[in-house]
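See structure below.
The values are calculated or read from the model by the stated rules, or taken from the named source; none is laboratory data. Because the structure is a prediction, the values reported are computed rather than measured. In this analysis, Cβ positions are derived from the backbone assuming ideal geometry, glycine residues included, and neighbour counts consider all displayed protein chains. The protein model used for the area step is the full one, side chains on, heavy atoms only, and it has no ligands, DNA or RNA in it. Shrake-Rupley method; radii C 1.70, N 1.55, O 1.52, S 1.80 Å.
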Amino acid sequence: MMDAGFGGTRQARRGEIFDTVALPGLVAEEDGEPTGLLSYRPEDGRWELFFIAARRPWRGVGTALVEALVALAREAACTTIWLVTTNDNLAALRFYQRRGFVLVALRPGAVTGSRRLKPEIPLVGAHGIPLRDELELEHGVVRR
Ligand SMILES: CC(C)(COP(=O)(O)OP(=O)(O)OC[C@H]1O[C@@H](n2cnc3c(N)ncnc32)[C@H](O)[C@@H]1OP(=O)(O)O)[C@@H](O)C(=O)NCCC(=O)NCCS
(Lines give C-alpha, C1' and ligand atoms only; values in the text may rest on other atoms or scores of the structure.)
Protein backbone atom coordinates (compact mmCIF):
# COMPACT_ATOMS: atom_id res chain seq x y z
CA MET A 1 0.00 0.00 0.00
CA MET A 2 3.05 2.25 0.31
CA ASP A 3 3.20 2.75 -3.44
CA ALA A 4 -0.51 3.36 -3.89
CA GLY A 5 -0.31 7.14 -4.04
CA PHE A 6 1.53 7.71 -0.76
CA GLY A 7 4.90 8.68 -2.25
CA GLY A 8 6.73 5.35 -1.85
CA THR A 9 8.63 4.01 1.13
CA ARG A 10 11.29 6.76 1.27
CA GLN A 11 9.88 9.89 2.85
CA ALA A 12 11.73 13.17 3.35
CA ARG A 13 11.21 15.96 5.87
CA ARG A 14 13.41 18.40 7.82
CA GLY A 15 16.26 17.80 5.37
CA GLU A 16 16.44 14.05 6.11
CA ILE A 17 15.12 11.00 4.36
CA PHE A 18 14.02 7.73 6.01
CA ASP A 19 12.74 4.43 4.73
CA THR A 20 9.31 3.92 6.23
CA VAL A 21 9.49 0.13 6.12
CA ALA A 22 12.79 0.09 8.08
CA LEU A 23 11.13 1.85 11.04
CA PRO A 24 8.99 0.32 13.79
CA GLY A 25 5.37 0.31 12.79
CA LEU A 26 1.77 -0.55 13.51
CA VAL A 27 -0.54 -2.24 11.01
CA ALA A 28 -4.33 -2.00 11.07
CA GLU A 29 -6.20 -5.04 9.84
CA GLU A 30 -9.77 -5.84 8.96
CA ASP A 31 -10.76 -9.45 8.25
CA GLY A 32 -7.07 -10.33 8.07
CA GLU A 33 -6.37 -7.71 5.38
CA PRO A 34 -4.05 -4.74 6.08
CA THR A 35 -6.08 -1.51 5.99
CA GLY A 36 -3.61 0.98 7.42
CA LEU A 37 0.00 1.55 8.33
CA LEU A 38 1.78 3.83 10.79
CA SER A 39 5.53 4.03 11.26
CA TYR A 40 7.35 5.92 13.98
CA ARG A 41 10.81 6.88 15.23
CA PRO A 42 11.09 6.38 19.01
CA GLU A 43 13.85 8.74 20.16
CA ASP A 44 14.74 10.16 23.57
CA GLY A 45 11.26 10.45 25.00
CA ARG A 46 10.07 12.28 21.89
CA TRP A 47 8.65 9.99 19.26
CA GLU A 48 8.10 11.01 15.67
CA LEU A 49 4.97 9.79 13.95
CA PHE A 50 6.77 9.40 10.65
CA PHE A 51 4.14 7.94 8.33
CA ILE A 52 0.45 7.14 8.50
CA ALA A 53 -1.94 6.06 5.78
CA ALA A 54 -5.31 4.39 5.60
CA ARG A 55 -6.16 2.34 2.54
CA ARG A 56 -9.72 3.64 2.66
CA PRO A 57 -10.26 6.90 4.58
CA TRP A 58 -13.10 7.90 6.91
CA ARG A 59 -13.53 4.49 8.49
CA GLY A 60 -11.65 5.01 11.75
CA VAL A 61 -8.39 3.33 10.70
CA GLY A 62 -6.23 6.45 11.19
CA THR A 63 -7.79 7.15 14.59
CA ALA A 64 -7.17 3.57 15.73
CA LEU A 65 -3.51 3.77 14.64
CA VAL A 66 -2.91 7.09 16.41
CA GLU A 67 -4.63 5.84 19.56
CA ALA A 68 -2.44 2.71 19.53
CA LEU A 69 0.71 4.80 19.14
CA VAL A 70 -0.29 7.13 21.99
CA ALA A 71 -0.90 4.12 24.24
CA LEU A 72 2.49 2.62 23.34
CA ALA A 73 4.24 5.94 23.88
CA ARG A 74 2.58 6.43 27.24
CA GLU A 75 3.77 3.00 28.40
CA ALA A 76 7.30 3.84 27.26
CA ALA A 77 7.29 7.14 29.23
CA CYS A 78 7.52 9.12 26.01
CA THR A 79 6.42 12.69 26.70
CA THR A 80 5.66 13.94 23.19
CA ILE A 81 4.71 12.63 19.78
CA TRP A 82 5.65 15.00 16.95
CA LEU A 83 5.14 14.90 13.22
CA VAL A 84 5.63 16.86 10.05
CA THR A 85 2.97 17.41 7.42
CA THR A 86 2.80 19.71 4.42
CA ASN A 87 0.85 22.85 3.60
CA ASP A 88 -1.37 21.13 1.03
CA ASN A 89 -2.54 18.30 3.29
CA LEU A 90 -5.68 19.90 4.65
CA ALA A 91 -7.21 16.51 5.51
CA ALA A 92 -4.20 15.61 7.65
CA LEU A 93 -4.24 19.01 9.38
CA ARG A 94 -7.86 18.48 10.28
CA PHE A 95 -7.27 14.87 11.30
CA TYR A 96 -4.32 15.60 13.60
CA GLN A 97 -5.83 18.66 15.28
CA ARG A 98 -9.05 16.78 15.95
CA ARG A 99 -6.93 14.12 17.65
CA GLY A 100 -5.08 16.30 20.13
CA PHE A 101 -2.10 17.50 18.08
CA VAL A 102 -1.25 21.20 18.12
CA LEU A 103 0.71 23.22 15.59
CA VAL A 104 4.18 24.15 16.86
CA ALA A 105 6.12 25.24 13.77
CA LEU A 106 5.83 26.43 10.21
CA ARG A 107 8.86 26.07 7.93
CA PRO A 108 8.13 28.09 4.79
CA GLY A 109 9.72 26.59 1.68
CA ALA A 110 11.09 23.52 3.49
CA VAL A 111 9.63 21.09 0.95
CA THR A 112 11.87 22.68 -1.65
CA GLY A 113 14.84 21.43 0.41
CA SER A 114 13.33 17.95 0.68
CA ARG A 115 12.89 17.92 -3.08
CA ARG A 116 16.68 18.08 -3.45
CA LEU A 117 16.84 14.76 -1.54
CA LYS A 118 13.80 13.30 -3.29
CA PRO A 119 13.25 14.97 -6.68
CA GLU A 120 10.05 13.02 -7.31
CA ILE A 121 8.17 15.09 -4.70
CA PRO A 122 5.55 16.83 -6.87
CA LEU A 123 5.43 20.61 -7.24
CA VAL A 124 1.66 20.63 -6.76
CA GLY A 125 0.02 18.75 -3.90
CA ALA A 126 -3.51 17.99 -2.75
CA HIS A 127 -6.34 20.27 -3.93
CA GLY A 128 -3.98 21.80 -6.53
CA ILE A 129 -2.10 23.62 -3.76
CA PRO A 130 1.61 24.32 -4.44
CA LEU A 131 3.53 21.90 -2.22
CA ARG A 132 6.16 24.00 -0.44
CA ASP A 133 5.94 24.30 3.37
CA GLU A 134 6.38 21.96 6.33
CA LEU A 135 4.11 22.20 9.34
CA GLU A 136 5.08 20.53 12.60
CA LEU A 137 2.56 19.33 15.16
CA GLU A 138 2.93 17.84 18.63
CA HIS A 139 0.82 15.68 20.89
CA GLY A 140 1.62 15.89 24.58
CA VAL A 141 1.25 12.24 25.51
CA VAL A 142 1.55 12.73 29.25
CA ARG A 143 -0.20 16.12 29.36
CA ARG A 144 -3.88 15.52 29.64
C1 LIG B 1 -4.92 11.26 7.27
C2 LIG B 1 -5.39 9.80 7.35
C3 LIG B 1 -4.25 8.91 7.82
C4 LIG B 1 -6.55 9.72 8.37
O5 LIG B 1 -6.95 8.36 8.47
P6 LIG B 1 -8.51 7.94 8.41
O7 LIG B 1 -8.56 6.48 8.55
O8 LIG B 1 -9.13 8.54 7.20
O9 LIG B 1 -9.04 8.67 9.71
P10 LIG B 1 -10.35 8.30 10.55
O11 LIG B 1 -11.35 7.60 9.70
O12 LIG B 1 -9.92 7.64 11.79
O13 LIG B 1 -10.85 9.74 10.95
C14 LIG B 1 -11.21 10.65 9.94
C15 LIG B 1 -12.66 11.05 10.09
O16 LIG B 1 -13.51 9.97 9.84
C17 LIG B 1 -14.53 9.94 10.84
N18 LIG B 1 -14.91 8.55 11.05
C19 LIG B 1 -14.20 7.61 11.69
N20 LIG B 1 -14.85 6.45 11.67
C21 LIG B 1 -15.99 6.64 11.00
C22 LIG B 1 -17.04 5.81 10.63
N23 LIG B 1 -17.08 4.52 10.97
N24 LIG B 1 -18.04 6.34 9.88
C25 LIG B 1 -18.02 7.64 9.53
N26 LIG B 1 -17.02 8.49 9.86
C27 LIG B 1 -16.02 8.00 10.58
C28 LIG B 1 -13.87 10.47 12.04
O29 LIG B 1 -14.81 11.00 12.97
C30 LIG B 1 -12.99 11.51 11.46
O31 LIG B 1 -13.68 12.73 11.32
P32 LIG B 1 -13.39 13.92 12.32
O33 LIG B 1 -12.00 14.42 12.00
O34 LIG B 1 -14.46 14.87 12.02
O35 LIG B 1 -13.45 13.36 13.71
C36 LIG B 1 -5.92 9.28 5.98
O37 LIG B 1 -6.88 10.17 5.50
C38 LIG B 1 -4.86 9.06 4.90
O39 LIG B 1 -4.40 7.94 4.71
N40 LIG B 1 -4.47 10.13 4.18
C41 LIG B 1 -3.47 10.00 3.11
C42 LIG B 1 -2.06 9.87 3.66
C43 LIG B 1 -1.70 11.07 4.48
O44 LIG B 1 -1.98 12.20 4.12
N45 LIG B 1 -1.04 10.82 5.62
C46 LIG B 1 -0.59 11.87 6.51
C47 LIG B 1 0.67 12.46 6.00
S48 LIG B 1 1.30 13.68 7.13
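Some observations on this one:
- Probe 1.4 Å, accessible area per residue of segment 3-57, Å²: 57 Å²
- The slack in the chain from Arg59 to Thr79, taken as 0.36 nm per residue of separation less the alpha-carbon distance, amounts to 4.4 nm.
- Net length gained if the chain between Asp31 and Asp19 were fully extended (0.36 nm per residue, minus Cα distance): 1.6 nm
- Span-like helix check, the chain: qualifying full DSSP H segments, with Cα axial length of 18 Å or more and mean Kyte-Doolittle of -0.5 or more, are 61-75.
- Dipole of the chain, positive end: most advanced residue of His139, Thr9, Ala28 [Cβ charges, Cα centre]: His139
- Over the chain, dividing the summed -39,500 (n - 2.57) contributions of all DSSP H runs of at least 4 residues by the number of residues returns a 222 nm mean residue ellipticity of -6500 deg cm²/dmol.
- Sites Ala91 and Arg116, calculated FRET efficiency, Cβ-Cβ separation with R0 35 Å, nearest 0.05: 0.85
- In a simple Cβ point-charge model (Lys, Arg +1; Asp, Glu -1; nothing else charged), the chain has a dipole of about 460 debye relative to its Cα centre.
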